[in-house]
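The next block holds one structure in the form of C-alpha cells; read it before the comments.
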Amino acid sequence: MKPTSPVLSTLLLGAALGCALPAHATVYASYSGSQLGVTQRTDALVQTNYFGTGVQARGLALGANNDLYIAAGNHLINYSTSGTLIHDMAFPISSINYTDVDVGGGHVVASYNGSQQGFTVRDYALNQSNAVSTGFDISGIAAGDNNHVYLASGNHLYDYLTNGTQVTNMTFPDLGINYTDVAYGNNLLVASYAGSQHGVTLRNLALNQTSYFGVGFDIDRLTLGTNNDVFLTSGNNIYDYSLTGTLLNHMTFPDSDIRYTGIDAMAPVPEPDTVAMLLAGLGLVGWIARRRKA
C-alpha cells in the first residue's frame, strides 16, 4: 500500500494537536497624542480594527473576558475589545496618576504616582481589595502567578506580593539605567530599559538575568508575544523581536505626534467548530497510523 504523504501527515498532526502549528497573536496598543484610542493588529502589525477612547492612556492590559483595561490619569477604564465601555473607575484624588495596568492571577493591578506612590489590587469590576504604598515612582507593572506583582522603577526591578510584602529588590549597578516597563508570562520576566543603554532584559522569577539584547532606541512599553517574541513600543513605532534579539516586524505610524503608550497580546481562542475539526483530525491521524501498519 502506498504510504501517506509526509506533508499530509504533518499537517494533519499539526491540526490535531493544535500546538504543533504556530499560534498567531492579536496585538492591542493604546495611543495618545494627536489621537486617543486603541488599535488592534495582527502579529505582523497590520491593523484590523481601532476605536477611540478620548483619554490619554498610559498603560493597557488585556482582561480575561474579551476585554481590556486602560490606565489614564486618575481613571482605570475597562472596555470590550470592540470598544464598548464597561467600567470607568475614577479615583477621588485627582493628583493620583495611574502609570500602568496589568491583569493576571485573578487580579487587576495598577501602579500610581503623584500625591501617593504604590499599586492597587482590584477585581475585574475594578473594586479595590488592597493598596500597597511603595514610596517610589513606578513606571511599569506586571501581574504574576501566586499573588506576585513585578514593578519597574529607575534602576530597580521589584517583586511584591499583593498583600504588600516585598520579596525581591534587584538593583542594577548603573544608575544611568531606567527600567521603563516589565511584563510576565510562562515563568519569564522581560523588562525594557533606557538611558545609558537601550534594550530588553530576560529574567527568571528571582529577578536573575538569563539573557538580554540591545535595540538602540528608548522603549516605552513591552509585552510578551505567543511565539517566543516580545512586542515593543517607541513613540509612533511598534516592533516585534524574538527573545534572542532578532527583529521580526516593525511598523511606523505616519503621524509622528502619535505615541503608543500601552501594548498587550493574546493568542487566538479556537472556535467550537475548529475544536471539532481538531478532534476529527486526531482521529484521522490515528486511522492513518493503523492503515500504515496493514
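The values are calculated or read from the model by the stated rules, or taken from the named source; none is laboratory data. Since the model is a prediction, treat every value here as computed from it, not as a measurement. Glycine also receives a Cβ, built like all others from the backbone with ideal geometry; neighbour counts cover every protein chain displayed.
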*Qualifying positions in region 229-241 - touching a residue at least 40 places away in the same chain (Cβ under 8 Å) and under 13 Å from Arg41 (Cβ atoms)*: Phe231, Thr233, Ile238, Asp240
*Among the numbered criteria (1) surrounded by 18 or more Cβ atoms within 10 Å (Cβ to Cβ); (2) in contact (Cβ under 8 Å) with a residue 40 or more places away in the chain, which single criterion is violated by Ile177?*
(2)
*Report, by residue number, each residue of region 161-180 that is assigned to a strand (DSSP E or B) and among the hydrophobic types (A, V, I, L, M, F, W, C).*
Leu161, Val167, Met170, Ile177
*Take Ser94 and decide whether it is polar (S, T, N, Q), over 18 Å from Thr233 (Cβ atoms) and either modelled with pLDDT under 95 or buried (at least 22 other Cβ atoms within 10 Å of the Cβ) (or both).*
yes
*Of everything in region 252-267 that's small (Gly, Ala, Ser) and surrounded by fewer than 21 Cβ atoms within 10 Å (Cβ to Cβ), which residue is nearest to Thr42 (Cα to Cα)?*
Ala267
*asked:* Contact list please: Cβ distance under 8 Å, first residue in region 27-45 and farther than 15 Å from Asp220 by Cα and among the small types (Gly, Ala, Ser), second residue part of a loop (DSSP other than H, G, I, E, B) and at pLDDT 95 or above, pairs at least six apart or on different chains.
replied: Ser34/Asp255; Ser34/Asp257; Gly37/Thr53
*From the list Thr210, Thr244, Thr226, pick out the single residue that is more than 30 Å from Ser34 (Cβ to Cβ), without any contact (Cβ under 8 Å) to a residue 12 or more places away in the chain and of a type in the set (Ser, Thr, Tyr).*
Thr210
*Run Thr42 past the list (1) under 20 Å from the mean Cα position of the chain (by Cα); (2) among the hydroxyl-bearing types (Ser, Thr, Tyr); (3) surrounded by fewer than 17 Cβ atoms within 10 Å (Cβ to Cβ); (4) farther than 21 Å from Ala183 by Cα and report the number of the one that doesn't hold.*
(4)
*Members of region 30-62 that are of a type outside the set (S, T, N, Q), in a loop (DSSP other than H, G, I, E, B) and touching an Asp or Glu at 6+ places or on another chain (Cβ under 7 Å)*: Asp43, Leu45, Arg58
*Of all residues in region 145-166, which are crowded, with 19+ Cβ neighbours inside 10 Å and over 26 Å from Ile177 (Cβ atoms)?*
Thr162
*Would it be correct to say that Leu151 is of a type outside the set (Gly, Ala, Ser) and touching a Ser or Thr at 6+ places or on another chain (Cβ under 7 Å)?*
yes
*Unique match (being more than 20 Å from Leu243 (Cα to Cα) and surrounded by 20 or more Cβ atoms within 10 Å (Cβ to Cβ)) among Ala110, Ala191, Ala142, Ala131*: Ala110
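Where in region 185-285 are there strands (runs of 3 or more DSSP E), lying wholly inside it, with at least 1 residues that are touching a strand residue (DSSP E or B) at 6+ places or on another chain (Cβ under 8 Å), modelled with pLDDT of 95 or more and over 23 Å from Asp159 (Cβ atoms)? Steps first, answer last, please.
Working: elements: 188-195, 199-203, 209-214, 221-224, 229-234, 237-242, 247-252, 258-266.
The qualifying strands (runs of 3 or more DSSP E) are 209-214, 229-234, 237-242, 247-252, 258-266.
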*Looking at Leu85, Leu76, which is the one that is over 19 Å from Gly225 (Cβ atoms), without any contact (Cβ under 8 Å) to a residue 24 or more places away in the chain and aliphatic (A, V, I, L, M)?*
Leu85
*List every residue pair whose Cβ atoms sit under 6 Å apart, with the two residues 6 or more apart in sequence or on different chains, where the first one lies in region 139-163 and is within 20 Å of Ala265 (Cα to Cα) and free of Cβ contacts under 8 Å to residues at least 60 places away in the same chain and the second, anywhere, is assigned to a loop (DSSP other than H, G, I, E, B) and hydrophobic (A, V, I, L, M, F, W, C).*
Leu151/Ile138
